[in-house]
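Here the structure is laid out as C-alpha cells; the discussion comes afterwards.
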Amino acid sequence: MATTADYSAFFRSNGEGRPLLDLAVEGIGSPDAITQIEGALHGIPGLVSARLNFTTKRLSTEWSYIGCDPSCAIATLESLGYRVAPFASDIAETEEDQRTKWLLKCLAIAGFAAMNVMLLSISIWAGNVTDITPETRDLFHWLSALIALPAAGFAGQPFFFSAIKAIRSGTMNMDVPISIGITLALGMSVYETAHHAEHAYFDSALMLIFFLLAGRVLDHSMRKRTRAAAANLAALRVPVAARLNEDGSLTELPPEGLKAGDLMLVRSGERFAADGIIRSGSSQIDESLVTGETAAKSVGTGDRVFAGTLNGQAVLQIEVAAAGTATLLASIERLIDQALLVKSTYVQFADRVAQIYAPVVHVAAGLTAMGWIAWGASVHDAIIIAIAVLIITCPCALALAAPTVQVVTAGALFRRGILMKSGDVIERMAKVDTIVFDKTGTLTLPEAALTDAGDLPDEALQLAGRLAQSSHHPLARAVRDFAVAKFGPLHPIQGAEEITGEGVSALLDGISIRLGSASFCDLPPLIWQDAASVIGFRYGEVTGMISVGQKLRPDAKATILALKRDGYRVLMLSGDQKGAVDAIGEALGIVERRAGLKPADKLAALEALKAEGLTVLMVGDGLNDAPALAAASVSLSPATGADVTQAAADAVFTGIKLGAVRDALQLCRKGQRVMRDNFGLALIYNLIAVPLAVGGFVTPLIAAAAMSGSSIVVTANALRARWAEGLSA
C-alpha cells in the first residue's frame, strides 16, 4: 500500500488553501471506468472531489486540508485492479503506448485463430450433410479447441479484465455479458466436443472477440493524448529570468522568484519570463500567444507583454506585473486543464445501456432454465436452452453499433484530411448548432502573403523578391514567396545586408536597392492598414509600397455561406484588432463577431453560448484558442495550428480548404444517424430472437449464427456512413 510519504511531495495548492493531487491510473480500458473509479472514491475521508480524465488517464483529486492521507484512496483503486502513481505525462504516454501494442497483439491473435478455426468449421459443416465420419468430425473439433481456447484466453483479456473490475466494484458494463457469452460459447463447445456432438461454436467466440477488439484498437489509435498540451506549454516557460538590480547589476533566478515591481531584462531572441510593462526599449515580438497573430508586433515603452512571448530584436527592460502561477501562460494551462476535466465525464451510450441490459439478460436466461425444468425438461436440455438465450442475446450488435460506425466515419473523414482524436467526436459533432471561428490562421491562411504590389512593375517585383531572399523577416518572406511563384527560382543579390528592425539593402549595378521600413527606403511614412502591413521598396528612382497580410482561405466565403444555409449559427471570436476582424467579417458575411479577446474572454464567450443551451463547435489554431477549444462541445484545429492547440482539439484537418469543417459536420451527422439505426437494428434483433430462444426454438448453433448475423448486419449498415450529401470537392 502506498503511504503519505510516497505522495506528499506531489501535492500542490489550488490557491485557496486546499491541496490538489494528480494521479496516473493505469489499466483503464473503457469509459465506464469514470463512474467506477469516481464512485469508489466517494466518501474517502478528507477527499473533497475526484475527477477522472479518461483521455489522459489522470485522476485529479482535491483534499480538504494540507496533510490529508491519500493512501486510503490509492488502496481503494489498487483493490479494483488499477495501478496508481503520481501523474507524469511521460509515464502516462508510455503506459498508453504499451496498451495499444497489447490490443494490437490481441487483435492479431484473434484474427489469425478465427481464420484457421473457420476453415475447420466449413469442413465440418460440409461434412455433416455429406459423408464425414464421427471420428473425423471429433478430430476437427478438437483441433479447433486446440487453436481457439488459448487464443481466446489471450485475446479476450481486455474484456475479461474489464468485466472482473466491474464485478469487483459492484457495477456492470458491456464487457460483463460479452465475457459471459464468450466463456459459455467456449465451455459449451468443449462439452459438446467431448460428447461427440455435431456442432461446436469455437468460430463464433473467436469472431466475436475479433470484431470487438477492432473497435477497441480503433478507439485507442484515434485518441491522441491531450497530455501533450502540458509539454508544449512547458516549452514556452523560461527556466531562468534576469532581474535588473538598482545598482545596474543582473541577478539570474527562477521566474517564480520574480515579484511585481521588479525590473526584468529580456535580450533579443529570449522569451519573457513574466507578464509586465515595457519601461525601456522597443522591439518586435511574436505575440501569437495572446492574439493568435503570426506577424511580428512592434512594441515600445508603455506596452504590455506576456510570459512566453518571444522578443525578436532589441533588449527590453520590463517592469514585472505578474510572475509564476499568476501569468497569462499559467492561466491558459489551468483553463485547459479545467475545461478538459469538465468534458472527461462523457460516457458512451452502449455502456450506459449495459447497466440495465446485462442484468435483464442474465435473469431471463436463469428464469428460462428454471421454467423448462419446471415444465419437465431435463437439466441438460434446460441448460442448453438457457445458454442459447445467453448467446443469442450476447450484445454483439449493441457493442458493435458504435465502433463500426466510428471505423467507417473515421475513414471517410481521413480521406478528406480530417483526423479524429476520439470516437465520441461523431456524436458530439452531430449535435452542433453553433460554430465559432477564430480569425488568423483559421479563416485566413496561416502564412502571411503579398496582397497588393501597388504600381511596382514586374521587373521591380522580381528585384524585391531577390533582395527578400537575404532577409529572415516574415514580411520579406511573403514577398519572396510571391516573386518565386510568379517568376520562378530567383538568385539572391550578392552583398545584401540586413539591418535588424529596418530592412535589407544591397548595391546592384552601383545603384542602392532597399526593402524595408519607410524611413529605411527614404519614403514618406507608411501606414498600418487594417488587414495588412505595408513595406517600402526603392531601387534608384523606382519606389513603391507592397502590402503583405493574411489571405482568406480559398473556399472560406463559400463554406461560411453553406454553413449558414445548413442552419448553423456562425460567429467569429478573435484576439486581433477590430479593424482587421471587421474587414474579414464583412468579406465572409459573418455578422456576429468580437475583437480584442484574451483567452479567458474567448472561454467566457463559449461558456455563455453553452449556457443558452447551444452545442458549440470551436474552430481555432492559435495557442490563445486552446482553452476555448477544450471547453467547447466539440472542436477542430488546422494541422498548421500550435501543438498545444491540436492537443486540446477533438479533431485536426489538413490542407488549406475550410470546407473540411462542413465535411466533418455532415459526415458526423450521417454517422450519428447510422449509429442510431444500428442501435435500432440491435433492439429489433433482440425483440425477435429472445422470445424464440426462450421458447426453445433456437439451438446454440442457430443462436451463434444469429449472433454473428446481427453483427454482420450492423457492420454492413455502418458502411452507409461513408457518404453524406453536399460534401466539398
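All conditions in (1) out of contact with any helix residue (DSSP H, G or I) (no Cβ under 6 Å at 6 or more places or on another chain); (2) in a strand (DSSP E or B); (3) modelled with pLDDT of 80 or more hold for Ala73, with the sole exception of (2). Name the single residue, out of those in region 170-179 being surrounded by 20 or more Cβ atoms within 10 Å (Cβ to Cβ) and not charged (D, E, K, R), that is modelled with the highest pLDDT. This residue is Ser179.
Here is a yes/no grid of residues against (1) in contact with a helix residue (DSSP H, G or I) (Cβ under 7 Å, 6 or more places away or on another chain); (2) buried (at least 18 other Cβ atoms within 10 Å of the Cβ); (3) among the aliphatic types (A, V, I, L, M):
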| site | (1), (2), (3) |
| --- | --- |
| Asp424 | no, yes, no |
| Arg428 | no, yes, no |
| Asp433 | no, no, no |
| Asp438 | yes, yes, no |
| Leu445 | no, yes, yes |
| Ala478 | no, yes, yes |
| Ile499 | no, no, yes |
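Meeting the requirement of 3 or more residues that are within 38 Å of the chain's Cα centre (by Cα), the strands (runs of 3 or more DSSP E) wholly within region 405-520 are 418-420, 434-437, 444-452.
Does Ile584 satisfy the criteria of being under 19 Å from Asp625 (Cβ atoms) and modelled with pLDDT of 95 or more? No: the conditions fail for Ile584. Summed over region 265-275, residues that are within 12 Å of Asn311 (Cβ to Cβ) and surrounded by 23 or more Cβ atoms within 10 Å (Cβ to Cβ) total 3. The set of residues in region 482-497 being in contact with a strand residue (DSSP E or B) (Cβ under 7 Å, 6 or more places away or on another chain) and under 23 Å from Gly549 (Cα atoms) consists of Phe482 alone.
For Glu541, the criteria (1) in contact (Cβ under 8 Å) with a residue 12 or more places away in the chain; (2) at negative phi hold in every case but one, which is (1).
Report yes if some residue within region 11-23 is modelled with pLDDT of 80 or more, within 19 Å of Ser169 (Cα to Cα) and crowded, with 20+ Cβ neighbours inside 10 Å; otherwise report no. Scanning region 11-23, I find no residue that is modelled with pLDDT of 80 or more, within 19 Å of Ser169 (Cα to Cα) and crowded, with 20+ Cβ neighbours inside 10 Å, so the answer is no. Of the residues Ala531, Ala506, the single one that is under 28 Å from Lys297 (Cα atoms), crowded, with 19+ Cβ neighbours inside 10 Å and modelled with pLDDT of 90 or more is Ala506. The residue that is nearest to the chain's Cα centre (by Cα), among those in region 145-174 that are within 23 Å of Leu77 (Cα to Cα), hydrophobic (A, V, I, L, M, F, W, C) and assigned to a helix (DSSP H, G or I), is Phe159. Within region 189-202, the residues that satisfy the criterion of being at pLDDT below 85 and either among the acidic types (Asp, Glu) or surrounded by fewer than 23 Cβ atoms within 10 Å (Cβ to Cβ) (or both) are Ala197, Glu198, His199. Of the residues making up region 138-155, none is exposed (fewer than 14 other Cβ atoms within 10 Å of the Cβ), more than 30 Å from Thr35 (Cα to Cα) and at pLDDT below 85.
The values are calculated or read from the model by the stated rules, or taken from the named source; none is laboratory data. Here the structure is a predicted model, which is why all the values come from computation and not from measurement. Backbone-built Cβ (ideal geometry, glycine too); neighbour counts: all protein chains shown.
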